[in-house]
1. Using C-alpha positions alone, give me the convex hull volume of region 364-475 per residue in cubic angstrom.
2. Per residue, how many Å² of accessible area does region 311-411 show with a 1.4 Å probe?
3. I need the Debye-formula profile for region 29-179: one equal scatterer per C-alpha, no solvent, reported as log10 I(q)/I(0) at q = 0.09, 0.19 1/Å, two decimals.
4. For region 33-90 and region 113-144, compute the distance between their C-alpha centroids and round to whole Å.
5. Given labels modelled 7 Å from the Cα in the Cβ direction, how far is it in nm from E122 to E364?
6. So if R0 is 56 Å, what FRET efficiency would T163 and L335 give, r being the distance between their Cβ atoms, rounded to the nearest 0.05?
7. With a 1.4 Å probe and all protein chains left in place, how much of the accessible area of region 172-216 comes from carbon and sulfur atoms, in whole percent?
8. Using the basic label-point model (7 angstrom from Cα toward the beta carbon), what is the L68 to T134 distance in nanometres?
Amino acid sequence: MGKSSRRKQEQRRTGRPRPATVAPAFVARPFEGLPGEADWVALREVVPAATATVRLRPEHRRAAEGDLPAIEQVTVATVLPLAWPALRRADGEVLVGLQTGGGSGDAARDVAAALLAAVQAEPGTPVTLAEPPTDGPRLQDVLEPEPLQVEVHDGFDFWVEGTDELDDSTRESLESANAAVIPTVRLTSVEAAYWCVIGDRAHLRWALPHPEDALLDAVARLHAAGESGLGDDTRYIGAFRAHGLLVPVWDLPPDSTAADVEAPAADFAKRLEQAMAVTDPLTHDERRARAGVVSRHSPCADVLLPDAEGARVVVPAPGPGPGSWSGAPSSAADLDGTVWLAHRTRTPATRGDGVVLGRSTDGEVFETVGRLGRERFGAASLERPALVRLDDGWRLYVSCATPGSRHWWVDALDAPTVEALPGAEAVTVWAGDDRTAVKDPVVTRDGDRWTAWVCCHPLDEPGHEDRMHSEPAHLSRRPHLDRHRHRACAAGPAAGTPAAPGSPPSCPTAPCATTAGPPRPRTSPSAPASPGSAPAARRPTATPRSPTSATSTCCRCPTVVCAGTPRPRSPTAATTSSPPSPDPRRPSWGPARR
C-alpha cells in the first residue's frame, strides 16, 4: 500500500485528516556570521582533534554555585566521547562537540541547544538531545562575536584532563581513539588551512569563506595559468563543499611538513585575491579549466546541494505551459574538459517523448548533438537516461515504458562518440518481469569495477504501482555490448542457453527485482494499465535483427534478460519465484570524521 493510500485509509478510520509533518528549515551556511566561519566548518568536517574556547553572552551565563565556578565560557571540541553533543564535567567545565550525528538541518542551532542544555545540567552529566531543536537561539545568538582561537591536538587526551587516574577500559578506549587520529597541523600564515597526512600521502585542506562562483572562477583563472599549485611537486586535486563553503585540497610531497607549506600558501592567497578581483568574462581556456575544476568536486564531507540563488537554465523546456519540461539529466566530463549532457524531454501530449544529447565547454551553454525518440525503442515513454564514459567510447542507458502497462525496462547503447549514440544498436540490459518494473539506473565506475543502482517498481498490487525502491547491481568488470548480445553474464550460462532451474546466481549486473523492503512512494512511473489486467513481462523473442530467441535466467530475479538475448519486441508470460531479501549496507561512523 502506498503512502497516499495509507493516509486516506487513516482519514476514513479516524474521521480526521492526518496532521502534516513540518520539515525543519535547512540552513546551507549555518556558521555564517560567526567570526572564523571557515574554522568552524573545518572543526566540524575536517579536523579530527581540536578545541577552542568561546565566551557566552551575559544572558546565557550561569552564576557560581558553592564550590562550582561561574560558567562564562565553554570549550568547543571537534568530538566528545561517544559522540555526545555536550558534557558538563564534575568540576563544572562545559564542553560541546561539533561532530555529532543527526540534526535539524541547522548545525548552529543544534550546537547551541546542546551548549545551553549543558550549562543547565548537573556536574558530571553528559547531554543527549532526544529530538533535534526546531526553534531557539543559534550560536550567533549565544556567543560573543570574538575570533576563534583553534588548538589542534595529537589525540583526545583533552577528554580526561584533570582526571587523576583512569581505569583500564577507559585507558584502552582512549588509546584506540588516539591511534585513529590523522596527524593534522593548522597553518599560521593563512586562516583555516590544515596540513595533514593520510596514509603515505600529505595534503592541505583549506576552508575558504569566499562566494562559491567567484572562488571557482578565480581558481579556474589560476589553473589555466598554471598557478593553482603550492610549489614544486604539488597539485590541486579538487574541492568539496562543507556547510556552504568550498574546501580545496592539494596533494603535497610525501615528505613535506606543515612548515614547508606556510610560505607557498601565503603566496597562493595573494594570487587568489588578485584573481578574484578580475571581473572580465572567462576566456575559452579558463572556461575549460573551470569545467575541469568543477568535475573534481567530491561530496566526501557534506552533501553537494544546489545553490538556488546561482541557478541557471541550461536547457529550456520544449514548450510553454504545465507538463512541458526538460529534466532528468545525466552528465559526464570528457578528458579534454568537455561536458556532455543527456536529458529527457516531456510534453503533455506525448509524455517522455525523447532523450536529447548535448555538448558544452563550460557546463552552462549546451549544443544539441543528437536525439533519440521513444519510437526508436517502441516505448510509450522514456525516463531518465544515464550517460557513462567507456575506455574506448560512450554508453547510454535509456529507461523505456512498455505500451499499455506500468512496466519499464532499460536498454543500453554503445558508440565510439556521443554523437554516434543515436545510431547505435539498443540491447536490453535490465528487462524486469511481470512483478517488477525497472528504470532510472545510476551507474558509476571505479577502474574496472562498475556499480549500478536501479529503481524498482513493484507491480504486485494494482493501483499501487507508484511504490519504488532502489536495488544495487555490482559489476565485477566492464559489461560489454556487441552487435548481437549482452555479455554481462560471462560467468553464467552460455549464450543462448537457458539456465537450469534452481541454478545459482550468475549475473553480476541484474538488480534484485523484489518487493522486499519498505517501498518508497513516487509519481506514477507510466500510464495505467487496463482495468484488471496484469502488466506484461518483457521476455526476449525472435526479432528480425537476430536469429536467436534464447533466454537465460540470472541472479535473484529469474526473469531478467542476460547473455545472448536481443532486445525484446513483444511480451510473453514470465515465471516467478521467491527471491531473498536485499542485503542493505550502511556506512559506519567513527569517532573522528576525516
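1. 124 Å³
2. Each residue of region 311-411 exposes 40 Å² on average to a 1.4 Å probe.
3. -0.27, -1.24
4. Here the two parts' Cα centres lie 10 Å apart.
5. 6.0 nm
6. After rounding to 0.05, the efficiency reads 0.50.
7. The computed percentage sits at 54.
8. 3.0 nm
The values are calculated or read from the model by the stated rules, or taken from the named source; none is laboratory data. All figures in this text were calculated on a predicted structure; none of them were measured in a lab. When we count neighbours, we look across all protein chains shown, and the Cβ atoms used for this are built from the backbone with ideal geometry, even at glycine. To get the accessible areas, we keep the full protein, side chains included, count just its heavy atoms, and leave off ligands, DNA and RNA. Shrake-Rupley method; radii C 1.70, N 1.55, O 1.52, S 1.80 Å.
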